[in-house]
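The values are calculated or read from the model by the stated rules, or taken from the named source; none is laboratory data. Please read these numbers as outputs of a predicted model, since none were measured by experiment. Neighbour counts are summed over all protein chains in view; Cβ atoms, including those assigned to glycine, are modelled from backbone coordinates with ideal geometry.
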Amino acid sequence: MYRETQIISDNSILASPDVEGDLVINVGPQHPATHGVLHLVITLNGETIKRVDPHLGYIHRSIEKMCESLSYRQFIYVTSRMDYLSAHINNHGCALCVEKGLQVEVPPRAQVIRVLMDELTRLASHQLWWGAMAMDVGALTPFFLAFREREMINDIMEETCGARLTMNYMVPGGVMVDIHPNFQRRVHEFISHFRNKIDEYDELVTGNVIFQNRTKDVGYISREDAISYGMSGPSARGSGVQCDIRKLYPYEVYAKLQFDEIIETAGDSFARYMVRMKEMRQSLSIVEQLIDNIPPGDFQAKTKAVLKLPKGEFYSRVETARGELGVYITSEGATTPYRIKFRSPGFSNLSALDHMARGAKIGDLVAMMGTLDLVIPDIDR
Amino acid sequence: MPSANFEEQQWLNVNVDHNEWPGLAKSLRDHPDLNFDYLFCLTCIDWKTHLTMVYHLESTQHRHILVVKSKLDRTQPDIETVSGIWRTAEFHEREVYEMFGVKFRNHPDLRLLILPDGWEGKSPLRKDFEDPVNMVKL
Amino acid sequence: MDVSQEFPSNPQPGAEKTDASAQEENKSYHSFQTNAAATRPEDSGFPGRVHPTPSGGILVTAIDDVINWARSNSLWPLVFGTSCCAIEMMSTASAKYDWSRFGFEVARATPRQADVIIIAGTIVNKMAPVLKRLYDQMADPKYVIAMGACATSGGPFFYNTYSVVKGADHVIPVDVYIAGCPPRPEALLHALITLQDKIKRGLTKEQINGS
């Protein structure tokens, strides 16, 4: 392996090996297992990792600067491209923040539709995570199975929202159009189809001895460290941290729903894996509770065409499939925001990777990154 | 906390002087009634006359939220790091350093995180960032 | 001349359908029958005519046509997805919109074994030298597809961004552009078939500039 001296920055003290015999390698920006463009500079001693240094910025699209020149109706849809696997939930967070500023009440029908779309998106994101994680660890079949289920959700979304992946559906005040007449029937079909499939997934991957050996006791992080590193979402719940925003600070109709917050205490990769598998079942039960009880009424509250938030600052928190997304808008009373900050879940989850990976073998690094469920455009913004 | 003054916006805001921030930070985390152990957002806002650092803190035990703000001088923005207290601040402070030019004293490894090489000192998220090629002033 | 009698074991997919219009459609992609009235080489399927002899046959064709036909039907893509379009690329690779029907079976991770690079996602200033290096590492003949609005022209990130390269063709020469944000898998398949047509007709940049 040759050293990539042009990509590693020469100013960095971490780029040089500590001891004679240490190897510094790149898990490069273009790699099948990095879920995007993540560049890790790893210092190895033999096969044991001494230090992991992430180099970010290969997909930094300067979204925060760009949003300062977009109106309040426009900037929401740029966030779909930020964490594209939970696109609805990102848009939801931005819409909630704008509604906080405008003091607008969202009608109940819109609230239920939003939560339904959120939970379907969470299911789709966890399905893709499962397929990609199994592919990283070495199994190729789950990838195709996961995409088969995901296509069903994509078709449901496409009928109502118009797009498969970056559905620009949420607006401040509600949703853009009403749901399609076929929506309920198709979601019922999906629920009955998917209920059996989760058991199939468990049989295929979870109970597999090779998979368990690769993920048990790999990437341990304790509860205090997880809180200190700012981890959130399923990665933190695998270490025993109670951090589900849907339970702690409920928004929309989550306060009225019956679902469990899944906490595992083992803190290793297998615990994080089990948290997500169980969360898929919980999301399915939320969809079941809501799909027959969509209240009639408006799907959008009346708002002006050009939105102006009053002077001040507003923060909204939502639970995406990866963790807690924070949208922090500082406004000066104009039609465009003065400063927007997106607190993305992957940013903090990635900072714990170095802590988890010290002392592990390089083959374990891939299993760890799989369970952290990183989406790099979310980190780089 | 002699120089702190309080405001009530969405959550309780505390404005402190940037020299007193490290002492306050440690007691916020360690005091048993406060116990703010989860720093969930660290950012900086560029008001054209000064910069403001904003820290959002939460306690996982008592579930209260606090926002701490600290004004910095625009020409020489300098503040103590909190990455020894909350480990998540390491990455967040590196990002604020490269986007706004704020220097964090005693940071273990302050260098560019997201921007490419050669962008030290450019501070793109400041309001006076000049880029006539790309930026269209609307 | 009708080839099907000479090679009875070859499957004739067009012959199974009794519908006349279906036969017309299938001729252009699957049929081994030569069509003297076809003016474009890609309409006739396998390029060349078989001159029957008692012991089999002699294939009469132009070498360029055969080489182009072989290359276009077995392009191996490089795994290169930067952002959201990568998910649609993965969907195209999966079971519902399968791209291995068209020959893109093996998606290689290393550029040295790949033929076509599908730039799926935004290219930013920090990534541009990496893209150039990957393109240089690919062996000739190589082709480039720019997928999505970001790779075509910067896409939604065109205005007021200091770090986005406004179009991947500022870095490497592109053969096929796909519009969409993200484009549907069918659009990506259409672009792949268009690339195959382009290669068969000898119109890609690499073929025109001489190789």
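State which residue pairs qualify: first residue more than 10 Å from chain C (Cβ to nearest Cβ) and crowded, with 19+ Cβ neighbours inside 10 Å and inside region A:20-49, second residue in a strand (DSSP E or B) and charged (D, E, K, R) in any location, beta carbons under 6 Å apart, and separation of 6 or more residues or different chains. Cβ pairs passing all conditions: A:V41/A:D53; A:T43/A:K50; A:T43/A:R51. Contact map, region C:138-161: residues that are more than 13 Å from every other protein chain (Cβ to nearest Cβ) and touching a residue at least 12 places away in the same chain (Cβ under 8 Å) paired with residues that are among the hydroxyl-bearing types (S, T, Y) and in a loop (DSSP other than H, G, I, E, B), Cβ distance under 9 Å, separation 6+ or inter-chain. Pairs shown: C:D140/C:S211; C:P141/C:T204; C:P141/C:S211; C:Y143/C:T204. Between A:G312, A:G333, A:G297, the distinction of being among the small types (G, A, S), more than 19 Å from A:I227 (Cα to Cα) and within 11 Å of another protein chain (Cβ to nearest Cβ) belongs to A:G312 only. Annotation: A:K308 fulfils all but one of (1) out of contact with any Ser or Thr (no Cβ under 9 Å at 6 or more places or on another chain); (2) farther than 19 Å from A:L40 by Cβ; (3) of a type in the set (D, E, K, R); (4) outside any strand (DSSP E or B); the unmet one is (1).
Has region A:72-90 got any residue that is free of Cβ contacts under 8 Å to residues at least 12 places away in the same chain, within 14 Å of chain C (Cβ to nearest Cβ) and either closer than 30 Å to C:I123 by Cβ or in contact with a Pro (Cβ under 7 Å, 6 or more places away or on another chain) (or both)? Taking every residue of region A:72-90 in turn, at least one turns out to be free of Cβ contacts under 8 Å to residues at least 12 places away in the same chain, within 14 Å of chain C (Cβ to nearest Cβ) and either closer than 30 Å to C:I123 by Cβ or in contact with a Pro (Cβ under 7 Å, 6 or more places away or on another chain) (or both). Restricting region A:344-380 to residues that are at the interface with another protein chain (Cβ under 9 Å from one of its Cβ atoms), surrounded by fewer than 24 Cβ atoms within 10 Å (Cβ to Cβ) and not hydrophobic (A, V, I, L, M, F, W, C), the residue that is nearest to the chain's Cα centre (by Cα) is A:S351. Is it the case, given these coordinates, that C:G121 is of a type in the set (G, A, S) and facing another protein chain (nearest Cβ under 10 Å)? Against the criterion (of a type in the set (G, A, S) and facing another protein chain (nearest Cβ under 10 Å)), C:G121 qualifies. Restricting attention to region C:133-188, the residues that are under 30 Å from A:E159 (Cβ atoms), within 16 Å of the chain's Cα centre (by Cα) and in a loop (DSSP other than H, G, I, E, B) total 0. Of all residues in region B:101-118, those being within 14 Å of chain A (Cβ to nearest Cβ) and either under 14 Å from B:H18 (Cβ atoms) or without any contact (Cβ under 8 Å) to a residue 12 or more places away in the chain (or both) number 3. Whether any residue in region A:122-145 is more than 30 Å from A:G363 (Cα to Cα), surrounded by 22 or more Cβ atoms within 10 Å (Cβ to Cβ), in contact with a Phe, Trp or Tyr (Cβ under 7 Å, 6 or more places away or on another chain) and not hydroxyl-bearing (S, T, Y) is what I want to check. No - not one qualifying residue is present in region A:122-145.
Condition (residue is surrounded by fewer than 18 Cβ atoms within 10 Å (Cβ to Cβ) and within 18 Å of the chain's Cα centre (by Cα)) applied to region A:219-236: is it met by at least one residue? No, there is no match, as no residue in region A:219-236 is surrounded by fewer than 18 Cβ atoms within 10 Å (Cβ to Cβ) and within 18 Å of the chain's Cα centre (by Cα). Residue check: B:E8 meets all listed conditions (1) of a type outside the set (A, V, I, L, M, F, W, C); (2) farther than 30 Å from B:L115 by Cβ; (3) touching a residue at least 24 places away in the same chain (Cβ under 8 Å) but one, namely (3). Beta carbons closer than 9 Å, at least 6 apart along the sequence or on distinct chains, pair a first residue in region C:185-205 that is on the phi > 0 side of the Ramachandran plot and surrounded by fewer than 15 Cβ atoms within 10 Å (Cβ to Cβ) with a second that is part of a helix (DSSP H, G or I) and modelled with pLDDT under 90 for C:G202/C:P41; C:G202/C:D64; C:G202/C:D65; C:G202/C:N68; C:G202/C:I208.
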